[in-house]
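What follows is a single structure, written as structure tokens, with notes after it.
The values are calculated or read from the model by the stated rules, or taken from the named source; none is laboratory data. Keep in mind that what you see is a predicted model, and the values were worked out from it rather than measured. Positions of Cβ are backbone-derived with ideal geometry, glycine not excepted, and every protein chain shown enters the neighbour counts.
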Amino acid sequence: MFADSLPLEDLDIPKIARGLTSYIKRILIQTLLAEGLPDILNDYRSILDLVHTMNIKDLKLFRELIVSLVKLGVVEQNGDLFKWIGGEIRVTSEEEELKILAEPWIKILQVYFKKLPDLLKGKTRLQLHEPGIWDSIYSTPLYQLLWVNAIKRLNITGDSTILEVGCKTGWCTINLLNIFKPKNIIAVDSNQDFLNIAEENVSNLLPDKRFKVTFIKHDFTSEIDFTGCLQDTKPDKIIVSYLFHWYNESDYLNILSNLKKCIAENADIIFIQPHIAYKNQTTFFQLPLYVEEGFKGYPLLETLVNSIITAGFSAPKREYNLYLYSKNSLENAKPVRISPDPPKYCKNCGGRLQENAFFCAYCRSIVDFNINLPLL
């Protein structure tokens, strides 16, 4: 389960994207076939008409689902009307490779997709932050490789003190101890159940290194001063992991400002945080995540970046849209305006691709281009 047992060569991100797109398309089609959507959409219909027919309660999410189906080439759009045109559901070679890299996570997505129709109809979501979900995600080779490639940017040494915000069930803490061997780790989460599991996992798997880890329950939106919990310690390597999609945009600056107060000058910081490039955008990668209680959607890149800068960190460097690297800056950076990505064109037929599409609506093939891939 440790990431150092895996090769650390660069991942073929476009190939992973094609596999994930193929998988999600197939599972979405199977889910919607079971719901009878192809029969309901056998002719052009409006979203409001569909909402009434299918007893949909979450109009915004349903609209995003239909738009995602258009991007995947499953539904055809004509003005404000939509029609099911279908698509292949065969398993691709890229999907088989993805399954090897992320099988437990794939199984979780299957559960989420099955519950998506219930969510659209206003039924109960999954329990917030279920520990078993995070254990399964962290156990996948895909996550381990992505995580290691991100953490390497921090240049952790044996003298480093790490502040890990969002330690969940402790697998990242274990990997930090096992691979990077820092001096100390301060592992923080707002969920006491997670902290209990994390402490148990570290104690059982690395008992000789347990003394290096301090577990603290804390929410960086609270008014409690976290510096008091650290006494004279000033962490110099900071990891903020999968945090902002559980909060509203209005909370970002408060979280980051509170974080800045307690870390060393010029500290390195990595935000392992999928994000989106356009306001109110929901990709088909995100759709099933709304099933989990408390998920508010991936943060808008421009909002998150400017919150980071306003809080006093350097303008972050972006890697795909998986993570952002920054420093506790001593100089004020100017807020930025992030332009939409330039148009992308299908290499097979030359057709212009829709924003964040991985499927060409013209030649109906999954295409390869320089992408930004949102993952869990």
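Looking at segment 93-112, can you tell me whether even one residue there is more than 23 Å from His245 (Cβ to Cβ), aliphatic (A, V, I, L, M) and either part of a helix (DSSP H, G or I) or modelled with pLDDT under 85 (or both)?
Within segment 93-112, one or more residues are more than 23 Å from His245 (Cβ to Cβ), aliphatic (A, V, I, L, M) and either part of a helix (DSSP H, G or I) or modelled with pLDDT under 85 (or both).
Considering segment 214-228 alone, what residues qualify as being over 18 Å from Ile269 (Cα atoms) and either touching a residue at least 40 places away in the same chain (Cβ under 8 Å) or touching a Gly at 6+ places or on another chain (Cβ under 9 Å) (or both)?
Phe215
Residues in segment 106-132 that are of a type outside the set (Lys, Arg) and surrounded by 16 or more Cβ atoms within 10 Å (Cβ to Cβ): how many?
12
Kindly check whether there is at least one residue in segment 221-240 that is modelled with pLDDT under 95 and crowded, with 21+ Cβ neighbours inside 10 Å.
No, there is no match, as no residue in segment 221-240 is modelled with pLDDT under 95 and crowded, with 21+ Cβ neighbours inside 10 Å.
Can you give me the number of residues within segment 229-275 that are in contact with a helix residue (DSSP H, G or I) (Cβ under 9 Å, 6 or more places away or on another chain), in a helix (DSSP H, G or I) and among the small types (Gly, Ala, Ser)?
Residues meeting the conditions: 1.
Quick one: count up the residues across segment 88-105 that are surrounded by 17 or more Cβ atoms within 10 Å (Cβ to Cβ) and of a type in the set (Gly, Ala, Ser).
So the count comes out to 1.
Restrict the check to segment 201-212 and report whether at least one residue is outside the structural domain of Ala17 (by TED's automatic domain parsing), surrounded by 21 or more Cβ atoms within 10 Å (Cβ to Cβ) and farther than 21 Å from Ile270 by Cα. Before you say what the answer is, go through the steps one by one.
Going through segment 201-212, the residues outside the structural domain of Ala17 (by TED's automatic domain parsing) turn out to be 201-212.
Of the ones still in play, those that are also surrounded by 21 or more Cβ atoms within 10 Å (Cβ to Cβ) are 202.
Next, from what is left, pick out any that are farther than 21 Å from Ile270 by Cα: 202.
There is at least one residue in segment 201-212 that is outside the structural domain of Ala17 (by TED's automatic domain parsing), surrounded by 21 or more Cβ atoms within 10 Å (Cβ to Cβ) and farther than 21 Å from Ile270 by Cα.
Quick check on segment 117-136. Is at least one of its residues within 30 Å of Gln192 (Cα to Cα), part of a helix (DSSP H, G or I) and in the same structural domain as Thr21 (by TED's automatic domain parsing)?
Yes: one or more hits.
Confirm whether Pro182 is farther than 20 Å from Leu243 by Cβ, at pLDDT below 95 and either more than 16 Å from the chain's Cα centre (by Cα) or in a loop (DSSP other than H, G, I, E, B) (or both).
Criteria not met by Pro182.
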